[in-house]
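J.: I'd like to ask you about the structure that follows.
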Amino acid sequence: MLRSVLIRVVILATVAVLGGTGSPRADNIRAATDEWPPFRISTDTGFVGLDLDLISEIGQRIQTQIEVIRMPWGRALASMESGAVDIMTGLAYRKERAVYIAYTDTPYYSCETAFYTPASRPAIINGYEDLQDYVVGFVLHSAYFERFDTDQDLQKLGVSKEQILIDMTKRGRLDVMIGTDCQVDYFIKASGLSDKIIKTDYRPGNSVDLFLGVSRQSPWAKRLDELNSVIKSLVDDGTIDELAKRYYDSPS
């Protein structure tokens, strides 16, 4: 049953990306997302990954079709603000976003922030203050941890996609990059880049909780309690851990 629902979601994602003209039912959910392995992995036929598995489970439990639409992260957030889409996954909580996004009560996954550096010329980062000596790459519109997010003194380089950071880091064109360990560690291992990119010793020690968020302009904002219940159930009954085992040896 899970496989058939997942295939339907991936096909819908492909139609949306290609500009399909199908009209979803009024109660359907439009989910905006972009590539972020292993949560959203782009393939020739659409997205797969932990978030797609999550979306499939949600669709089954609330008996609603979910249309996945690919768009850059910044545009996805803008679409949530306008109500052009209904939900996003993989959201870290930020009070400025909570103005237009209603977060579910329970995070469905937890990660940590980490810093990475080229193996060819590793930056020595033992504490936050050491970052001042380097240019630190980050993804625009992403939330990491408050001290970094609000620091105006660091030399920061913002790019549109994490893949750009990874490419620059592995080529030694960037001193340091910041990332979320559950995503970057997976990508480095899966791509065979362990000899090109290494994790620094410094760990901020923060928890990056990933939430499903609902646009406050969406009709589904009125059904947030229903989505809260589903997410909590998926976490409490171990479904998320079982889904994560497809991608991780030790799920969060």
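J.: Out of these labelled values of percent of Cα pairs over 31 Å apart, [x] 24; [y] 19; [z] 28, which was calculated from the coordinates shown here?
T.: [x]
J.: Would you mind checking the tilt of helix 50-62 against the longest principal axis of the Cα atoms of the chain, expressed as 0 to 90 degrees and rounded to 10?
T.: Approximately 20 degrees, to the nearest 10.
J.: A further question on this structure: Compute the acute angle (0 to 90°) between the alpha-carbon long axis of helix 181-190 and the principal axis of greatest extent of the alpha-carbon atoms of the chain; round to the nearest 10°.
T.: For helix 181-190, the angle is close to 80 degrees.
J.: Which of the three applies to the range 42-100, rounded, prolate or oblate, going by the alpha-carbon gyration tensor with a ≥ b ≥ c and a/c under 1.5 meaning rounded? Each step should come with its number before you reach the end.
T.: Values: a/c = 1.85, a/b = 1.44, b/c = 1.29.
Verdict is prolate for the range 42-100.
J.: Place a label point 7 angstrom from the Cα of residue 64 along the Cα-to-Cβ direction, then list the residues of the range 199-243 whose backbone nitrogen is under 13 Å away.
T.: Only 213-231 pass the distance filter.
J.: Per DSSP H run of at least 4 residues, take -39500 (n - 2.57); add these up for the chain, divide by its residues and hand me the 222 nm value, nearest 500 deg cm²/dmol.
T.: Numbers: 8 runs with 82 residues, N = 252.
That calculation yields -9500 deg cm²/dmol at 222 nm.
J.: Still on this structure, please answer the following. How big is the Kirkwood radius of the range 167-250, worked out from every pair of different alpha carbons and given in Å to one decimal?
T.: Over the range 167-250, the inverse of the mean reciprocal pair distance is 16.1 Å.
J.: Show 94, 30, 216 ordered by accessible area, largest first, where the area counts protein heavy atoms only and the probe is 1.4 Å.
T.: Greatest to least solvent exposure: 216, 30, 94.
J.: May I pose another question? Mind listing the long-range amide H neighbours of residue 144? Cut-off is under 5 Å, sequence gap 5 or more, other chains count too, H placed in the peptide plane at 1.01 Å from N.
T.: Excluding prolines and chain starts, which carry no amide H, the hits are 149.
J.: In whole percent, and with a 1.4 Å probe on the protein chains, what portion of the accessible area of the chain is carbon and sulfur?
T.: After summing per-atom areas, the C and S share lands at 48 percent.
J.: Further question: Below 8 Å between Cα atoms, with a sequence gap of 6+, how large is the relative contact order for the chain in percent?
T.: Answer for the chain is 27 percent.
J.: Please report the relative contact order for the range 29-76, taking Cα pairs under 8 Å with a sequence separation of at least 6, and give it as a percent rounded to a whole number. Before the final figure, lay out each step's value.
T.: Working: 55 pairs, mean separation 23.6, N = 48.
In percent, rounded to a whole number, it is 49.
J.: State the antiparallel share, in %, of DSSP beta bridges confined to the chain, rounding to the nearest 5.
T.: Looking only at bridges with both residues in the chain, the antiparallel portion is about 60 percent.
J.: Can you give me the angle between helix 2-17 and the longest principal axis of the chain, using Cα atoms only, in degrees from 0 to 90, rounded to the nearest 10?
T.: 80
J.: Next question, about the same structure. Quick check for you: with a 1.4 Å probe and neighbouring chains kept, what is the accessible area per residue of the range 144-252, in Å²?
T.: So the range 144-252 comes to 53 Å² accessible per residue, rounded to a whole number.
J.: Between the range 181-196 and the range 205-250, what is the C-alpha centre distance in whole Å?
T.: Distance between centres, Cα-based: 24 Å.
J.: With +1 assigned to the C-beta of every Lys and Arg and -1 to the C-beta of every Asp and Glu, and no other charges, what is the dipole magnitude of the range 112-252 about the Cα centre in debye, to the nearest 20?
T.: 580
The values are calculated or read from the model by the stated rules, or taken from the named source; none is laboratory data. None of these values were measured; they are calculated from a predicted model. Note: ideal-geometry Cβ built from the backbone for every residue, glycine included; neighbour counts use all protein chains shown. These area figures cover heavy atoms from the full protein model, side chains too; ligands, DNA and RNA do not enter into them. Shrake-Rupley method; radii C 1.70, N 1.55, O 1.52, S 1.80 Å.
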